[in-house]
Amino acid sequence: MTTLQATAKLFSLSAFIVLVGCATELQLGAERVRPVSTEQKASCESLGIVVADQQLGPNKTQNSTNKAINEVVRRGGNAIYIISNAASGIDGVSVTAEALRCK
């Protein structure tokens, strides 16, 4: 293997690690968090506003949504009301949501 081939493989591996490393996994308990409508959230307790931002890597919308869901879990909630999903920074995505505890 030449130095150029080794460098190319190392670069490819580094790029893969960076892209995979930016994925936001859902935490334990996230499977219980459900999206709710405006009407449904009226009967829920608000646990506050959550803002989640993703600037790097692929799947920015899904990663920022996963971050918001994880924050709902951290606050003891079981529902999420998405307020907005908007561009952030140069190439990022920001999700603003309300963390809720519903019966």
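The values are calculated or read from the model by the stated rules, or taken from the named source; none is laboratory data. For clarity, every value in this text was computed on a predicted model and none was experimentally measured. Neighbour counts are summed over all protein chains in view; Cβ atoms, including those assigned to glycine, are modelled from backbone coordinates with ideal geometry.
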Among the residues of region 41-77, write down those that are within 17 Å of THR24 (Cβ to Cβ) and of a type in the set (Ser, Thr, Tyr).
-> THR61, SER64, THR65
How many residues does region 65-91 hold that are polar (S, T, N, Q) and in contact (Cβ under 8 Å) with a residue 40 or more places away in the chain?
-> 3
Does region 59-71 contain at least one residue that is outside any strand (DSSP E or B) and over 11 Å from the mean Cα position of the chain (by Cα)?
-> no
Answer with yes or no whether VAL51 is crowded, with 20+ Cβ neighbours inside 10 Å and either of a type in the set (A, V, I, L, M, F, W, C) or under 11 Å from the mean Cα position of the chain (by Cα) (or both).
-> no
Looking at region 83-103, which of its residues are over 10 Å from ASP53 (Cα atoms), modelled with pLDDT of 95 or more and either of a type in the set (Asp, Glu) or in contact with a helix residue (DSSP H, G or I) (Cβ under 8 Å, 6 or more places away or on another chain) (or both)?
-> ALA97, GLU98, ALA99, LEU100, CYS102
Return the pairs, sorted by first residue and then second, in which the second residue is modelled with pLDDT of 90 or more and basic (Lys, Arg), the first residue lies in region 16-41 and is in a loop (DSSP other than H, G, I, E, B) and surrounded by 10 or more Cβ atoms within 10 Å (Cβ to Cβ), the beta carbons are less than 7 Å apart, and the residues are 6+ apart or on different chains.
-> THR24/LYS67
Quick one: which of LYS67, LYS41 is in contact with a Phe, Trp or Tyr (Cβ under 7 Å, 6 or more places away or on another chain), at pLDDT 95 or above and not acidic (Asp, Glu)?
-> LYS41
Condition set among the aliphatic types (A, V, I, L, M) and within 14 Å of ASN63 (Cβ to Cβ), scope region 82-96, selection surrounded by the most Cβ atoms within 10 Å (Cβ to Cβ): answer is VAL95
